[in-house]
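Values quoted throughout were computed directly from the atomic coordinates according to the rules given, and no laboratory measurement underlies them. Treat the numbers as computed from the prediction; the structure is a model and nothing was measured. Here the Cβ positions follow ideal geometry from the backbone for every residue, glycine too, while neighbour counts run over all protein chains shown.
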Amino acid sequence: NGPLQPLCRGAFILLEGCDRAGKSTQAAKLVRKLKARGFLVEHMRFPDRTTPIGNMIDAYLKSTKELDDHAVHLLFSANRWECMAKMKKLLSSGTSIVVERYAYSGVTFSAAKGLELAWCKSPDIGLLAPDVTLFLDLPICEAGKREGFGEERYENEDFQRNVRGLFLDMKHDMTVGDIQNYARKTIDEIHGELVASAIETIKKCATLPLKDL
Ligand code: DGP
Ligand code: NA
Ligand code: NA
């Protein structure tokens, strides 16, 4: 008969950064740690290559398919839109999500090809907004030395330098969360800071409404 407990929603925690910056490693470690601490959490990544739209994106990234730059841009955005229902359901049922890449990658990768910034942003307007964006900012020359760099389209140092510049320009744009830089630290140091930031975000957002980009 006491007061109703407010239903706590999950937090949308986004990891962004250039290629080979360590997002997948950090996302996996973060999800494991949050689960071990008793939080409900799921790991997601964009592009989600498992859907029909994701299959087209995958073929494009592996250069087995050529596509117009605008068409590709819209496919990446559509790939985020098709996951919105699932993401909203998880968050509103109290599960947090750790997501690799999102609309920042969408805008920066296309703008780095020369597409107009405002045009690049428009298809992502209305997507669920992240509660915090954790930007892994590895120097491009170091990313370029990492295993596998160069296997996919976009993985060349000049292009990645452009993308990084655009990421940094967008710091105060398109998000309601902070962007934090995690450069030049060890995997475990970065991990510790991401865990602290994620837990702070989960607590802070529990009773706040979800927002859109
Ligand atoms: P990943 O699976 O995180 O390595 O991403 C694959 C590649 O696709 C990587 O080079 C980044 C790029 N990418 C991710 N999201 C987008 C997007 O929305 N638009 C474009 N053009 N590229 C993207
Ligand atoms: Na990649
Ligand atoms: Na990755």
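Summary table below
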{"item": "Qualifying lysines (Cα of each under 20 Å from Cα of Lys145; at least 8 residues distant if same chain)", "result": "Lys23, Lys62, Lys185"}
{"item": "Antiparallel content of DSSP bridges confined to the chain, in %, to 5", "result": "5 percent"}
{"item": "Packing-based order for 106-115, 25-34, using average beta carbon neighbours within 10 Å, highest first", "result": "106-115, 25-34"}
{"item": "Rounded FRET efficiency, nearest 0.05, which uses the C-beta distance separating Thr186 from Lys86 and R0 of 25 Å", "result": "0.15"}
{"item": "Dmax and Rg, reported as Rg then Dmax, of region 12-204 (C-alpha, Å)", "result": "16.0, 45"}
{"item": "Spacing of the two label points (7 Å from each Cα toward its C-beta) at Lys113 and Glu147, in nm", "result": "3.0 nm"}
{"item": "Extension gain (nm, one decimal) between Ala71 and Thr25, 0.36 nm per residue minus Cα-Cα", "result": "13.6 nm"}
{"item": "Relative exposure of Asp188, Asp124, judged by other C-beta atoms within 10 Å (fewest first)", "result": "Asp188, Asp124"}
{"item": "Estimated 222 nm signal from helices in the chain, with DSSP H stretches of n ≥ 4 weighted -39500 (n - 2.57), rounded to 500", "result": "-13500 deg cm²/dmol"}
{"item": "Dipole magnitude of the chain, debye to nearest 20 (Cβ charges: Lys/Arg +1, Asp/Glu -1, about Cα centre)", "result": "840 debye"}
{"item": "Extended-chain gain in nm, criterion 0.36 nm per residue less alpha-carbon gap, Leu208 and Glu193", "result": "3.1 nm"}
{"item": "Linear extension gain, Thr64 paired with Arg161, 0.36 nm per residue minus alpha-carbon span", "result": "32.5 nm"}
{"item": "Footprinting exposure proxy for Ile97, Ile199, Ile13, Ile125 (fewest neighbouring C-beta atoms within 10 Å first)", "result": "Ile125, Ile199, Ile97, Ile13"}
{"item": "Spherically averaged projected area in nm², based on the convex hull that wraps the Cα atoms of region 48-88", "result": "2.7 nm²"}
